[in-house]
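A short write-up of the structure that comes next.
The values are calculated or read from the model by the stated rules, or taken from the named source; none is laboratory data. As the structure is a computational prediction, the values presented were derived from the model and not from experiment. Cβ placement follows ideal geometry from the backbone for every residue including glycine, while neighbour counts extend to all protein chains displayed. Keep in mind that these areas ignore ligands, DNA and RNA; they rest on the heavy atoms of the full protein, side chains included. Shrake-Rupley method; radii C 1.70, N 1.55, O 1.52, S 1.80 Å.
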Amino acid sequence: MRAARRTWVRILVLLLALAGIALTAALGRWQLGRAAQKEALVQMRSAQAALPELDGHTLAQLGSGASVGESLLYRRLALQGVWLAEHTVYLDNRQMNGRPGFYVLTPLRLKGTDTVVLVQRGWVPRHFQDRTALPKVETPAGQVTVHGRLLPWPSKVYDFGEVEAGLIRQNLVLEDFRLQTRLPLLALSLQQTDADSEGLRRAWPEIASGVEKHHGYAFQWFGLSGLIAFLYVWFQIVQPRRKQIAR
């Protein structure tokens, strides 16, 4: 009876060990797959950025749907148009070189069209004593030429679920901004890459790929898988044999 019970215990321990090894190894492979996806995305961004610069006619031919222009993401563009300065927005809690401040966003109406694209024009520092005291930013009148790269709509930092309005905002929601401005805004934005000017700085941080994080997680899962295998061999095979030899 005891021998049968011991046999079932050994079988159960073996099954649990195999399940643990299989699960942790699968999670490690999944993390490696995520890393490969991120690496492919980085390569795609680099390839897109290396392509010739496009003008505004390409954007003007797009609609305003959520998925328009995805094939043009991260391409370099040279847009001509007019600033719609009355719709400028300052996104709060954005950093540049470790300093807190605002990203300044202004819609640009493309030359000869009704198409409007949101431009991430640059960064300005925050006034530490008066949050509402915005730095002076020049917005040239008349036609301008803006160089930059096409990015998704500005990402959110956090969201209280409220519809924001006014100059200073935490986030800029595409649908809300369209309703507020009544502008045919594209679902993408342009990150301006011209030299610092107009009171704005443009030392944009590089987009983190996160590949190292996934490699680190994969190493941890594979390490745990190996640890489970080692513990099983040690306690279920090596230790019993050592006891038998000692007897």
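Residues in the stretch 24-62 that are touching a helix residue (DSSP H, G or I) at 6+ places or on another chain (Cβ under 8 Å), among the aliphatic types (A, V, I, L, M) and part of a helix (DSSP H, G or I): Ala25, Leu27, Leu32, Ala35, Val42, Leu59.
With respect to being part of a loop (DSSP other than H, G, I, E, B), basic (Lys, Arg), free of Cβ contacts under 8 Å to residues at least 40 places away in the same chain and at negative phi, Lys213 falls outside the description. If I filter the stretch 108-123 for residues that are of a type in the set (S, T, N, Q), in a loop (DSSP other than H, G, I, E, B), under 21 Å from Ala195 (Cβ atoms) and under 22 Å from the mean Cα position of the chain (by Cα), do I get at least one hit? No, the stretch 108-123 has no match at all. All of (1) among the hydrophobic types (A, V, I, L, M, F, W, C); (2) in contact with a Ser or Thr (Cβ under 7 Å, 6 or more places away or on another chain); (3) modelled with pLDDT of 85 or more hold for Leu59 with one exception: (3).
When Val89 is tested against (1) hydrophobic (A, V, I, L, M, F, W, C); (2) open to solvent by 80 Å² or more (accessible area, probe 1.4 Å); (3) in contact (Cβ under 8 Å) with a residue 60 or more places away in the chain, only condition (2) is not met. Looking at Ala50, Ala36, which one is within 26 Å of the chain's Cα centre (by Cα) and either open to solvent by less than 20 Å² (accessible area, probe 1.4 Å) or modelled with pLDDT under 85 (or both)? When all the criteria are applied, what remains is Ala50.
Touching a helix residue (DSSP H, G or I) at 6+ places or on another chain (Cβ under 9 Å) and among the β-branched types (Val, Ile, Thr), is that true of Thr132? Criteria not met by Thr132. Scanning the stretch 211-247 for residues that are among the small types (Gly, Ala, Ser), surrounded by 14 or more Cβ atoms within 10 Å (Cβ to Cβ) and under 22 Å from Ala36 (Cα atoms) returns Ala218, Ser225. Restricting Leu105, Leu54 to those that are touching a residue at least 40 places away in the same chain (Cβ under 8 Å), of a type outside the set (Gly, Ala, Ser) and closer than 16 Å to Arg149 by Cβ reduces the list to Leu105. Is it true that some residue in the stretch 148-163 is under 27 Å from Glu53 (Cα atoms) and among the aliphatic types (A, V, I, L, M)? Looking through the stretch 148-163, at least one residue is under 27 Å from Glu53 (Cα atoms) and among the aliphatic types (A, V, I, L, M).
When Ala141, Ala165 are screened for being open to solvent by 40 Å² or more (accessible area, probe 1.4 Å), of a type outside the set (D, E, K, R) and either over 18 Å from Gln192 (Cα atoms) or under 18 Å from the mean Cα position of the chain (by Cα) (or both), only Ala165 passes. Within the stretch 98-129, the set of residues being of a type in the set (S, T, N, Q) and under 18 Å from Ala85 (Cβ atoms) comprises Thr106, Thr115, Gln120. Within the stretch 209-228, being farther than 14 Å from Arg29 by Cβ and in contact with a Lys or Arg (Cβ under 6 Å, 6 or more places away or on another chain) holds for Ser209, Gly210, Val211. Looking across the stretch 169-192, the residues that are touching a residue at least 60 places away in the same chain (Cβ under 8 Å), within 15 Å of Tyr103 (Cα to Cα) and either open to solvent by 40 Å² or more (accessible area, probe 1.4 Å) or polar (S, T, N, Q) (or both) come down to Gln170, Asn171, Ser189, Gln191, Gln192. Val146 fulfils the conditions (1) within 23 Å of Leu185 (Cα to Cα); (2) not in a strand (DSSP E or B) except for a single criterion, (2).
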